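Encoded as structure tokens, the structure appears first; notes follow it.
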Amino acid sequence: MDYLLTEQQIMIRDLARQIACDKMKPLAAKYDESEEFAWEIMKVLSGSDIFGIYIPEAYGGLGGGVMELCLATEELSRACGAMALGFAGTALGTYPILLYGNEEQKKKYLPDIAKGKKLAAFCITEAEAGSDAGSIRTTARKDGDHYLLNGTKQWITNGGEAEVYTVIAITDKAKGARGASAFIVEKGTKGLDFGKKEKKLGIRASATREVIFTDCRIPKENILGKEGMGFIVAMKTFDNSRPGVAAQALGIAQGAYDLAIDYARKRIQFGQPISSFQAIQHMLADMATQIEAARALVYSTARMVDSGAKSVAKESAMAKLYASDVAMKVTVDAVQIFGGYGYMRDYPVEKFMRDAKITQIYEGTNQIQRNVIASHLIKESMKG
Amino acid sequence: MHIIVCIKQVPNTTDVRIDPVKNTLIREGVESVINPFDTYAIEEAVLLKERFGGKVTVVTMGPPQAESALKEAISLGCDEAILVSDRKFAGSDTWATSYTLACSIKKIGTFDLILCGKQASDGDTAQVGPGISTHLDIPQVTYVKKVEDISGNKAKVERMTEEGYDVIETPLPCLMTVVKEINTPRLPSLKGMMKAKSAKITKWTADDIKCDPKSIGLDGSPTRVVKIFTPPPRKGGEVLKGDAGEIASRVAGLLKDIVI
């Protein structure tokens, strides 16, 4: 389907596709097995300017937006959803600065992120605060010209690998949701430590760690926006980043589908390729249709965000929900088409199924997405 | 440091087909690419620029569509690009091509180093690089697999041989042809691609490079291609059975028959 991409968007898509095919695909199984963070791929992405595509030109980027972010994430995820997350997770960690950073903060952090010199990470989740983000316990106490951070963030993508951390912490417990604030914390700051790398079902090459603050002292200039804006920063960040997760899911689905149709044409049973059987044909037809529908929704949402639309929460949630559910279904079906071979780790398709699962969980479970969508629907309906 | 890279646009060998009747290349619909060996020369030039500073000029002789190869070279980090193109160059062999490129390089002016791929993937002659150095009367080092150092108008390089490598020191300016062991070419960068899109490619004709009209194109080419043919496919071998002694004597007899 033709999505009427601009010349620059086609350039980004094609280059990301080339990186995915030439550099990432041959290494995907190795890094999945070793669970190492794929720095060699981050260097390729950095050399090709991919890290800067959604960052304004004034800060060394290419001046694109969420659409460009989605195109690159989708293509990279077709080869490896885990390596792609080194890039997409950096975007998640960068959006708070892009959206709420002041000029000094943008000048200080964005150029290095755009060049791929520094990765970023977003820290909100805690052991007791997952879907219920209001239960955050990490605190930031003002102490003269500084803030003192204390607490532990959990399951932080790019944790330990990133140089720049955007952190949501409580500055005034009495104010509830209005008592949270957002901060920038640099790696190397005294009192900032990392837990061990988590062992995961999928996206194993992505680094997931605890980020631990123990009397971590940061200059007061590192606050993003004002005190009390933490949840607004987080929610607006998610509005911008959810299409990115949706694009990751879309890429994973497309990658699994590509393998499945290729295999179905080559696998001979009963004297003919299994692609000649209607049972397989209908599966492939459903998979391709669902992927295309997801793509249309993801791209439309990304364009809506880039257009500067005031409220995109509902659409972002829809895109993330739908694309990740499609990714799960398509990857399960792809394994089914591969039959016994699909279950074997010697074949690449089971990894896509393992990688797909997280897209239904992180950046808001799909149940939370449905809550967001429903609450908007009801509000809209009440307005008439 | 000023580095000049000579490149050639060739058909992508992964999808070249031969017309079974005429025995010629089917060029329609075949993608053109930078000669794969030249991509190592481009990468090495850009790496040397990053190491020692300076600029990289890329030059090609070819039809107008070779401009796309030059733009790709710019997206990979080359600074300036020159397309030497004229119908008068048609039919050039390696002698006339290297003469034409040498004349173009003289027009470019001063330089420290010329880099070429070791050979082109279509003609496979490996003659144009050395030919350029001969026409320019500068030293040449072929099959370079590593540039160890460049300092004080001298370069120290490793030249690949069948048994290992030679370490060679050469005065500059000189010409080097490089092998694929020398580096891993980078992928283009988005900023490079955008620069390439708006880059101005300098175009020179035979008149511009002040070459001797008798030394270019078909007239300037002493080589005559008498016939191009596809080697006949190898016939299947024969499996000899029996005990070792029997087989050995039969093998000896067969070898004797084909006069080895």
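Using a Förster radius of 45 Å, what is the FRET efficiency between A:Ala58 and A:Met1 based on their Cβ-Cβ separation? Nearest 0.05, please. Intermediate results must be reported in sequence, preceding the final value.
Values: r = 34 Å, r/R0 = 0.75.
Taking R0 as 45 Å, the efficiency between A:Ala58 and A:Met1 is 0.85.
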Checklist entry - If you stretched the chain out fully between B:Ile26 and B:Arg87, how much longer would it get, using 0.36 nm times the residue separation minus the C-alpha to C-alpha distance? => result 19.8 nm
Checklist outcome for this item: Computed over segment A:325-384, the convex hull of the Cα set has an average projected area, in nm², of 4.9 nm²
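May I ask you to list, by number, the DSSP H helices of chain A whose Cα span along the axis is at least 30 Å and whose average Kyte-Doolittle hydropathy reaches 0.0 or more? Don't jump to the answer; show the numbers that get you there.
Details: long enough: A:230-266 (53 Å, 0.17); A:278-306 (41 Å, 0.23); A:313-338 (37 Å, 0.51).
Qualifying helices: A:230-266, A:278-306, A:313-338.
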Checklist entry - So, in nm, how far is label B:Phe229 from label B:Phe52 when the simple model puts each one 7 Å beyond its Cα toward the Cβ? => result 4.8 nm
Checklist entry - Taking one equal scatterer on every alpha-carbon of chain B, how large is log10 of I(q)/I(0) by Debye at q = 0.07, 0.11, 0.14, 0.17 1/Å? => result -0.31, -0.66, -0.96, -1.33
Next on the checklist: List the pairs from B:Lys107/B:Lys203; B:Lys71/B:Lys203; A:Lys106/A:Lys190; B:Lys71/B:Lys146; B:Lys145/B:Lys180; A:Lys25/A:Lys115 whose alpha-carbon separation is above 18 Å, in the order I gave them.
Outcome noted: A:Lys106/A:Lys190; B:Lys71/B:Lys146; A:Lys25/A:Lys115
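Could you work out the longest stretch of chain B that avoids the GluC sites (Glu not before Pro) located in DSSP loops with at most 12 other Cβ atoms within 10 Å?
Numbers: sites that count: B:Glu28, B:Glu31, B:Glu162, B:Glu163, B:Glu238.
The answer is B:32-161.
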Checklist entry - Hey, which lysines would be in cross-link range of A:Lys383, C-alpha to C-alpha under 19 Å, not counting anything within fewer than 8 residues on its own chain? => result A:Lys310, A:Lys314
Checklist entry - Gap in Å between the Cα centre of segment A:251-273 and the Cα centre of segment B:137-190? => result 46 Å
Item to check | Per DSSP, loop trypsin sites (Lys or Arg not before Pro) in segment B:182-260 with at most 13 further Cβ within 10 Å | outcome: B:Lys200, B:Lys210, B:Arg224, B:Lys227, B:Arg234, B:Lys235, B:Lys241
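Would you mind finding the longest exposed-site-free stretch of chain A, with exposed trypsin sites (Lys or Arg not before Pro) meaning DSSP loop and at most 10 other Cβ atoms within 10 Å? Can you show the working numbers first?
Details: sites that count: A:Lys190, A:Lys196, A:Lys199, A:Lys310.
Within chain A, the longest run free of exposed trypsin sites (Lys or Arg not before Pro) spans A:1-189.
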Checklist outcome for this item: If unit charges are put on Cβ atoms (+1 for Lys and Arg, -1 for Asp and Glu) and the dipole of the protein assembly as shown is taken about its Cα centre, the option from B:Ala81, A:Ile291, A:Phe231 lying farthest towards the positive end turns out to be A:Phe231
Item to check | Debye, to nearest 20: dipole size of segment A:231-383, +1 on Lys, Arg Cβ, -1 on Asp, Glu Cβ | outcome: 300 debye
Next on the checklist: Using the Cα centre of the protein assembly as shown as origin and beta-carbon charges of +1 (Lys, Arg) and -1 (Asp, Glu), tell me which of B:Ser189, A:Ser181, A:Ile361 is placed farthest towards the positive end of the dipole.
Outcome noted: A:Ser181
Next on the checklist: In 10 Å bins starting at zero, report the fraction of Cα pairs in the protein assembly as shown per bin as a rounded %.
Outcome noted: 3, 13, 19, 19, 17, 14, 8, 3, 1, 0, 0
Next on the checklist: When the expected Rg is taken as 2.2 N^0.38 Å, what fraction or multiple of it is the alpha-carbon Rg of chain A?
Outcome noted: 0.99
Checklist entry - If only Cα atoms are counted, what is the Rg of segment A:7-119, and what is its Dmax, in Å? => result 13.6, 42
Item to check | Longest to shortest principal axis, alpha-carbon extents of segment A:205-361, angstrom | outcome: 71, 38, 16
Checklist outcome for this item: In terms of the charge dipole of the protein assembly as shown, which places +1 on Lys and Arg and -1 on Asp and Glu at the beta carbon, the residue among A:Ser77, A:Ala260, A:Ile55 farthest towards the positive end is A:Ile55
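Just so you know, all these numbers are worked out from the coordinates, no wet-lab data involved. All values derive from a computational prediction rather than experimental measurement. Note: ideal-geometry Cβ built from the backbone for every residue, glycine included; neighbour counts use all protein chains shown.
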